[in-house]
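Encoded as structure tokens, the structure appears first; notes follow it.
The values are calculated or read from the model by the stated rules, or taken from the named source; none is laboratory data. Treat the numbers as computed from the prediction; the structure is a model and nothing was measured. Please note: Cβ atoms are built from the backbone with ideal geometry, for glycine as well, and neighbour counts cover all protein chains shown. Please note that ligands, DNA and RNA were not included when accessible areas were found on the heavy atoms of the full protein model with its side chains. Shrake-Rupley method; radii C 1.70, N 1.55, O 1.52, S 1.80 Å.
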Amino acid sequence: MRGVVACPQPWAAEAGARAMEAGGNAFDAALAAAFMQWVWDPFMCGPGGMGVAQLYDGRTRENLAVSFAARAGSLAREDMWADDLPARTEVSSLFSFPDHRSELGYTSVMVPTVVAGLAEIHRRHCTMPWSELMQPAIGQARAGLPVHSTFMDWIVMPTMPGQPTAVERFSATDECARIFLDPDGGFHRYGDVIDMSDMADTLERIARGGPEEFYTGELGREVAADLARGGSFVTAEDLRDYRPRVYPPLAGSYRGLGVTTVRPPDTGQTVLQLLRLVEPFDIGAMEHGGVEYLRTIGSALRLAHIDRLRYNADPEFAPVPVEEKILSDERIARQVEAIRRGPEASVPDSQAEQGHTTTVSVADEQGSMISLTHTLGWASGAVTPGLGFIYNNGMNLADPRPGHPNSIAPGKARMSNMVPTLMWEGDRPTMALGALGGAVIVSAVFQTAVHLTDYGMSAVEAVSAPRAHSEGGPLFLEARFRGDVAEELERLGYAVRRDPFPLNPIMARAQVAVRRLDGSFDGGSDPRAGGGGVVYS
């Protein structure tokens, strides 16, 4: 099978390509890559995580989204933390408790859903056996994890006030510290090899017993017992009863191309909103990185991210006015006029969120495509002894204040910034886009789409070009944008923050797989932080 796999980890991209070379399709490749990502980036993703995918099956012409958002355990209560309300962080307005209860340890864990999500994709669309797709990851876990640059990001990245330090996160539980710190309790260095044999054993159990082993098998019983011992709100019944949500994606258009993306609690509506906000402007005629370009792109980012923070939630628990408000023609027209007018009244400052997620985009010769994003959130540091993987900390995006759209409730999904997106020519998708990096994912996917369509960039150029971001406060710019442009924007009244990084990892890392209508392939993996992998089969 011919195709292309794009993801941040070259080893995972190779595992996906090898699956296609063994006769598998795009979906087989995506799962093989995702399993390998669990091993190479254990603080980004793993069996204790969550995620969402959008796919198009070239054989059946079926276009689906598979949502496996983490959900609060049945023991969680709306008012359980209401008497001890925390501060809000400057970044993405996260709730920050002094004891880090929603960030670290078992009280931060939501129902792990990623195994069920990947199993749903496998059941519907894969051609290779589940156990066979897991073998490359098992082999890598047996060999160990060489400490690489993305792993080192966890050690050296700055933490915002109120958030746990790297030391606190690595040592959140004794088992996490045993695996991921050296014998003296310090951080591993480049080139050290971390023993991942416990992870290998766990993956072998999931390979032999199938995905149900994680939820109702002996492994699931071990998981449930440890979560109970640790004080988690997740029960054995929560694991047993969890099912992914499968639905038709949101649909829109841009410059004559179709666009499909994911629904709340993920944030595809914000990607569609951004594209609609800039479509009335002749972006391609603007100098990329010039004043008019950044004024237009930056204003759209600001408006759309304010709406994201205001409205996005789990639609099974709170109404999310996607068609009625966010994407309504009248409101989009008003926002377009606001962009034309220029700077508006300032709002509370916000910064880009440094998220910990990973993604893979795949296209094959049958016309099938998938964009799959999965994550641990920021990683809880909770590890069941002997199992070798970290649980998610999905509770960090739950609102401890009762009566709000994202307030805590049993079974309620956390809002998410993941936006697997496909772009279509006629009745077939030709581009699969995804990104990792917290709230900046939305900005990265949006600008990558603009680069591909308005500027005709190749996939590599589109993910590598200088990028901007705003969540309602200042416009953040990479250092490759000119200083005199930033100064002119400030003179016009825009708040600008030009970072000293030419390739800033905080801008998220986009991954693109392209299969053109003529059957040729292209792929791009973002060079920001940790390198990247594009492998052609």
Exercise for the section: Look through the range 314-357, keep the residues that are at pLDDT below 60 and of a type in the set (Ser, Thr, Tyr), and return whichever of them is least open to solvent (accessible area, probe 1.4 Å). Expected result: Ser350
Practice task
State which residue is farthest from Thr421 (Cα to Cα) when the search covers only the range 507-523 and only residues that are open to solvent by 40 Å² or more (accessible area, probe 1.4 Å) and touching a residue at least 40 places away in the same chain (Cβ under 8 Å).
Solution key: Leu517
Problem - Options Val246, Val234, Val223: the member that is part of a strand (DSSP E or B), closer than 24 Å to Arg123 by Cβ and in contact with a Leu (Cβ under 8 Å, 6 or more places away or on another chain) - result: Val246
Practice task
Determine if the range 253-263 includes at least one residue that is of a type in the set (Gly, Ala, Ser), open to solvent by 30 Å² or more (accessible area, probe 1.4 Å) and within 30 Å of Gly456 (Cβ to Cβ).
Solution key: yes
Exercise for the section: Considering each of Ala465, Ala486, Ala449 in turn, give the residue that is modelled with pLDDT of 95 or more and closer than 30 Å to Glu21 by Cα. Expected result: Ala449
Practice task
From Leu145, Leu104, Leu75, Leu118, grab the single residue that is of a type in the set (A, V, I, L, M) and surrounded by fewer than 18 Cβ atoms within 10 Å (Cβ to Cβ).
Solution key: Leu75
Exercise for the section: Report, by residue number, each residue of the range 174-188 that is hydrophobic (A, V, I, L, M, F, W, C), closer than 13 Å to Ile155 by Cα and touching a residue at least 24 places away in the same chain (Cβ under 8 Å). Expected result: Phe180, Phe187
Handout entry: Which numbered condition Tyr56 fails, given (1) under 17 Å from Ala116 (Cβ atoms); (2) open to solvent by less than 10 Å² (accessible area, probe 1.4 Å)
Key = (1)
Practice task
Would you check if Ala495 is modelled with pLDDT under 95, farther than 27 Å from Ser371 by Cβ and small (Gly, Ala, Ser)?
Solution key: yes
Exercise for the section: State whether the residues of the range 460-474 include one that is surrounded by fewer than 24 Cβ atoms within 10 Å (Cβ to Cβ) and of a type in the set (Lys, Arg). Expected result: no
Exercise for the section: Determine whether Gly289 is closer than 30 Å to Met36 by Cβ, in contact with a Lys or Arg (Cβ under 8 Å, 6 or more places away or on another chain) and either at pLDDT 95 or above or open to solvent by 40 Å² or more (accessible area, probe 1.4 Å) (or both). Expected result: no
Exercise for the section: Answer with yes or no whether Val115 is within 30 Å of Gly24 (Cβ to Cβ) and of a type in the set (A, V, I, L, M). Expected result: yes
